[in-house]
Amino acid sequence: MSTGWTTPAPDALRATAQPRVAELDPRSTPGFIGDKKTGQLLTAQRATVLADLQEMLYANGRSGDRRSVLLVLQGMDTAGKGGVVKHVVGAVDPQGVSHTSFGVPTEEERSHHYLWRIRKALPRPGQLGVFDRSHYEDVLVVRVHNLVPPSVWEPRYDEINAFERELVEGGTTLVKVAMVISPAEQKVRLAERLTQPDKYWKYNPRDLDERALWPEYQAAYQAVLERTDTDLAPWYVVPSDRKWYTRLAVTELLIAALQSLDLRWPPADFDVEVEQQRVAALTDPTS
Ligand code: AMP
Ligand code: MG
């Protein structure tokens, strides 16, 4: 186990090992006893491990392995989903990454079943897929705002479980991360977005309306965790007031998911010795 962790991240962060969303301390650092500096140093070190594993996944995908990994990020505005994409996923080779953010459905998307746009964005074999928001919005924002009646969103939990089972059986390892921040930290981050012109683009006046519905969102997240945390497709709850911890934790969750695939470098589909001799014998074709 890596220095600073007293419990492996997947065990410490599993939804079932965590308090209810409303009782969770967003400043806590489950399973990790190191300070910020130690955490940041460790994240940088572990990023290279993550990059190697992801490269191996990609290499195997090129050789016919059907498996993939899908990181699902959910959290209130300013929880740091973009920061995880930039700093954690950003540490691996972009060739093997497929990233999708899911916003308010377009007219075309609305004309289809809610899983239509999700299916279109699934990672291909060998890829690390990243969903910044996901099908879970269809039982979060949709539920909180009554965008459809309960008779429509209520059956979605079971439908999502069936959908995810299908994904897992097709070779996709799911890493579902619920990032939990405090209202106080959100206020700080919203204020920050208004201090510099290079941050304005992250600010959305409508985020304040969502913030006003905090208790409703907490209840909706709690329902998601209670109804869609399965051993096949587990939820991890990551306290996210400390960005350094969030990034370290997600790095470790991805490493654990990739390690569970027990990947090896794909063997050469050519005779290595013969090719070594051919390369050694190469002459300059322009002379
Ligand atoms: P952002 O993540 O800041 O780009 O914001 C995306 C917005 O799209 C959030 O307010 C989400 O709640 C909203 N959104 C995402 N999926 C859905 C959906 N299925 N129905 C309604 N709103 C959605
Ligand atoms: Mg936003």
Check: Given a 1.4 Å probe, how much area per residue of the chain is accessible, in Å²?
Finding: 52 Å²
Note to self: What FRET efficiency comes out for residue 265 versus residue 51 if R0 is 25 angstrom and r is the Cβ-Cβ distance? Round to the nearest 0.05.
What the structure shows: 0.95
Check: What residues qualify as long-range amide H neighbours of residue 101, i.e. H under 5 Å apart, gap of 5 or more or another chain, H built at 1.01 Å from N?
Finding: 132
Item checked: Derived scalar couplings ³J(HN,Hα) [region 61-72; Karplus, 6.51 cos²θ - 1.76 cosθ + 1.60; whole Hz; x for Gly, Pro] -> x, 5, 9, x, 5, 8, 6, 8, 10, 10, 8, 10
Notebook entry, point to check: Using alpha carbons only, how many degrees (0 to 90, rounded to 10) separate the axis of helix 214-228 from the longest principal axis of the chain?
Noted result: 50 degrees
Next item on the list: Collect residues whose amide H, placed 1.01 Å from N in the peptide plane, falls under 5 Å from the amide H of residue 173; neighbours closer than 5 in sequence don't count.
Entry: 68, 69, 70
Next item on the list: Would you please give the residues with an amide H less than 5 Å from that of residue 179, counting only those at least 5 places away or on a separate chain, with H modeled from the backbone geometry?
Entry: 74, 75, 238
Check: On the accessible surface of the chain, probed at 1.4 Å, how many percent belong to carbon and sulfur atoms?
Finding: 53 percent
Margin query: Report the gain in length on full extension from residue 287 to residue 122: 0.36 nm times residue separation, minus Cα-Cα distance, nm rounded to one decimal.
Written below: 54.5 nm
Notebook entry, point to check: Using the Karplus equation 6.51 cos²θ - 1.76 cosθ + 1.60 (θ = phi - 60°), what ³J(HN,Hα) coupling, rounded to whole Hz, does each residue of region 270-287 give in order, writing x for Gly and Pro?
Noted result: 9, 7, 4, 5, 4, 5, 4, 5, 4, 5, 4, 8, 5, 10, 6, x, 9, 9
Margin query: Treating region 27-104 as a set of equal point scatterers at the Cα positions, no solvent, please give the Debye-formula log₁₀ I(q)/I(0) at q = 0.11, 0.19, 0.21, 0.22 Å⁻¹.
Written below: -0.38, -1.00, -1.12, -1.17
Margin query: Taking the square root of 5 times each eigenvalue of the Cα gyration tensor, what semi-axes in Å does the equivalent ellipsoid of region 68-147 have, largest first?
Written below: 23, 16, 9
Next item on the list: Apply 1/(1 + (r/R0)^6) to the Cβ-Cβ distance of residue 115 and residue 194, taking R0 = 45 Å, and write down the FRET efficiency to the nearest 0.05.
Entry: 0.80
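Please state, as a whole number in µm²/s, the translational diffusion coefficient that the Stokes-Einstein equation yields for region 167-280 at 25 °C and 0.890 mPa s, with Rh defined as the Kirkwood radius across alpha carbon pairs.
So the translational diffusion coefficient is about 134 µm²/s.
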Next item on the list: Could you check the simple spin-label distance between residue 66 and residue 41, using points 7 Å along Cα→Cβ, in nm with one decimal?
Entry: 4.5 nm
Notebook entry, point to check: Regarding the chain, what are the three Cα extents along the principal axes, ordered largest first, in Å?
Noted result: 72, 46, 41
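Among 262-269, 50-57, how do they line up from the highest to the lowest mean number of other beta-carbon atoms within 10 Å?
50-57, 262-269
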Item checked: Simple label model, 7 Å out from Cα along Cβ direction - residue 226 to residue 16, nm -> 1.7 nm
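The values are calculated or read from the model by the stated rules, or taken from the named source; none is laboratory data. Given the structure is predicted, the values throughout are model-derived calculations rather than measurements. With ideal geometry, Cβ positions are generated from the backbone for all residues, glycine too; neighbour counts draw on all protein chains shown. These area figures cover heavy atoms from the full protein model, side chains too; ligands, DNA and RNA do not enter into them. Shrake-Rupley method; radii C 1.70, N 1.55, O 1.52, S 1.80 Å.
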